[in-house]
1. Roughly how many whole Å is it from the C-alpha centroid of the stretch 149-201 to that of the stretch 264-325?
2. Rounded to whole Hz and in sequence order, give me ³J(HN,Hα) for the stretch 62-74 from the Karplus expression 6.51 cos²θ - 1.76 cosθ + 1.60, θ = phi - 60°, writing x for Gly and Pro.
3. Amide H of THR309 versus every other amide H placed in the peptide plane: which residues, excluding those fewer than 5 positions away on the same chain, fall under 5 Å?
4. On a full-extension model of 0.36 nm per residue, what is the gain between GLN562 and ASP422, subtracting their alpha-carbon distance, rounded to one decimal in nm?
5. Using only the Cα atoms of the chain, build the gyration tensor, take square roots of its eigenvalues as a ≥ b ≥ c, and label the shape rounded, prolate or oblate: rounded if a/c is under 1.5, else prolate if a/b is larger than b/c, else oblate.
6. With a cap of 11 neighbouring Cβ atoms within 10 Å, and only residues DSSP puts in a loop, list the trypsin sites (Lys or Arg not before Pro) found in the stretch 331-399.
7. Evaluate the distance, in nm, between pseudo-label points positioned 7 Å from the Cα of GLN341 and of ASN458 along their respective Cα→Cβ axes.
8. Going by a ≥ b ≥ c, the root eigenvalues of the Cα gyration tensor, does the stretch 193-310 fall in the rounded group (a/c under 1.5), the prolate group (a/b larger than b/c) or the oblate group?
Amino acid sequence: LGDGPLAEDALAARMDGWREAGRALLKRGFAQRVALAAAPAVAQPLPGLDPNPQQQTAIAAITAADGFQPFLLDGVTGSGKTEVYLQAIARCLAQGRQALVLVPEIGLTPQMLARFRGRLGIAVHALHSGLNDNERARVWAAAARGQARVIVGTRSAVFTPLPQAGLLIVDEEHDGSYKQQDGIRYHARDFALVRGKALDVPVVLGSATPSLESLHNARAGRYTHLRLQQRAGDARPPAVRVFDVRKRPLQDGLSPEVLAGIDQHLRAGNQVLVFKNRRGYAPVLLCHDCGWTAPCNRCSTPLHTTPMTVHGAGRRLQCHHCGARAPVPLACPDCASLALQPQGIGTERLEERLLQLFPDFPVLRIDRGTTARRDALEQTLATLGAQPGILVGTQILAKGHDLPRLTLVVVVGIDEGLFSADFRASEKLAQQLIQVAGRAGRADRPGEVWLQTHHPDNALLHTLVNGGYHAFADAELAQREAAGFPPFAHLALIRAEARQVEHANAFLATVKQAVPDASPVECYGPMPAPMPRRAGFQRTQLLLSATQRRALHGLLDTLMPQVYPLPQARRVRWSLDVDPMDLY
């Protein structure tokens with residue numbers, strides 16, 4: 001073309017289909033692929049809002065850090081954590097260094113990219129699983145060459161090469177999406193701290209609802225604790241109301257008072273978020289005559305039934321654990337009755353009801369089923385725009401989205417989260433409620449949060465509504481310490497799966513025998529997993545617990561070389577999960 005070597009993107013703009021011809025020429029030796037050593041672009045930051053005193057303190061602390069230093073940026077929803085990130089990144093760029101920002105979901109990436117690009121005046125690169133292999137490879141190579149100065153990505157982006165690293169940021173650090181649950185198990189937040197120490201750069205963990213582990217580390221002095229306790233600008237915290245729906249008539253889970261409130265906010269030109277953390281139409285298909293429920297044949301056992309979720313307005317069944325699908329039977333397989341009824345409420349059922357009740361306003365559902373396509377979440381929110389309407393969604397909508405016209409958040413059916421065998425359940429529920437409540441009233445319009453429950457006197461709800469997240473965290477940490485649970489203990493979970501449960505138990509029993517009697521690490525099991533069967537495999541587990549991390553890792557270093565050659569290991573699928581997020 002007469003211009004010397006050109007970048008792939010520049011070639012694509014000039015010549016359609018150049019790649020096939022280029023590969024053919026390269027194969028015959030008539031072309032050469034070279035790495036362009038372009039000089040990194042110089043950032044030209046645009047001015048933003050003037051930071052308040054608390055933001056100024058946080059920015060000054062982060063930018064003054066010399067070498068590795070972990071920070072916990074603990075700010076209420078809407079307090080301007082992103083502004084702190086932007087100013088810290090601008091300082092990092094001014095020093096000629098790279099910044100990596102981790103976000104928990106792909107859906108958050110476009111919004112953050114647009115804001116960063118508009119403010120920093122420099123190309124901001126995305127790295128997540130929604131990109132194809134060529135796009136990921138280009139960003140990876142640009143980062144390795146030092147040309148990509150700011151990278152925003154999800155969990156796996158923590159491995160991005162950073163030859164000129166200057167700052168690592170983990171936004172919404174509490175989010176469980178940072179934990180890789182299969183394959184090579186790792187937690188991106190924890191690995192970001194390891195990389196920050198290796199690269200000798202500061203690491204910022206940001207959240208409105210910090211994980212109890214991070215909060216404990218900050219209070220113990222391991223992290224520098226930065227607090228943002230007021231909303232940025234003129235935004236005010238939303239008013240919270242708890243609705244007792246006992247003995248109240250409900251329309252697919254919505255009380256008359258809530259429906260009237262939704263109508264009032266819509267007619268005032270505002271937007272409403274109806275939150276239900278259960279996708280599908282209904283959780284269970286029930287026979288009203290004999291009590292039969294549709295089980296997943298691949299995940300159920302005689303003592304533990306795993307029901308299939310109703311989808312497609314009652315037309316099909318799907319297991320959310322193994323993915324099995326089946327049509328809804330025409331009659332009950334047990335008693336041949338035609339009285340099959342969906343029981344419970346999912347986002348599809350709420351969407352259907354709200355479309356009937358508010359036909360003059362758009363009703364948009366946002367869950368895993370509607371956001372599977374690339375950029376689907378961004379397009380859905382753009383469809384709603386600034387017009388009044390209703391968003392029906394799961395926890396995807398609770399993660400950092402900025403919706404200026406949203407003034408009412410309705411939380412439907414939180415009761416199932418109040419009673420769970422998982423010791424982390426109350427922490428997850430508290431974080432979820434605070435995060436989704438934080439979507440309301442983020443601009444100049446006051447916001448409201450309405451919580452529907454059959455247990456209005458529950459201690460967790462009372463603490464959250466009256467004392468906030470930190471009051472809950474104080475009480476929960478005291479309980480964790482008394483029970484010997486993380487962060488006051490360190491866990492490792494060895495899981496085993498086999499077609500016959502005897503093989504899984506025999507493998508774990510052999511592993512347990514290899515643990516020295518004098519070891520300070522306690523062993524529990526072998527025992528059935530809380531979900532004892534999935535996708536046709538019987539599941540058991542061995543839990544290791546130690547008060548000191550060094551003791552736990554010392555045992556694992558000794559134990560693992562002995563486990564791999566075991567004859568019993570050939571009959572099972574097994575895995576080791578250090579610091580498990582779920583004891584499923």
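We did not get these values from a lab; they are worked out from the coordinates using the rules stated. Just so it is clear, the structure is predicted and the values come from calculations on it, not from any experiment. A quick note on method: Cβ atoms are made from the backbone with ideal geometry, for glycine too, and the neighbour counts reach across all protein chains shown.
1. 34 Å
2. After applying 6.51 cos²θ - 1.76 cosθ + 1.60, I find 5, 6, 7, 5, 10, x, 5, 7, x, 10, 10, 8, 9 Hz.
3. GLN318, CYS319, HIS320
4. Details: separation 140, 0.36 × 140 = 50.40 nm, distance 3.07 nm.
That pair, GLN562 and ASP422, stretches by 47.3 nm at full extension.
5. Values: a/c = 1.36, a/b = 1.15, b/c = 1.19.
Rounded is the answer for the chain, as its axis ratio a/c remains below 1.5.
6. Working: sites: ARG349, ARG353, ARG365, ARG368, ARG373, ARG374, LYS399; in loops: ARG368, ARG373, ARG374, LYS399.
Hits after loop and neighbour filter: ARG373.
7. 2.4 nm
8. Values: a/c = 3.10, a/b = 1.37, b/c = 2.27.
It comes out oblate by the Cα gyration axes.
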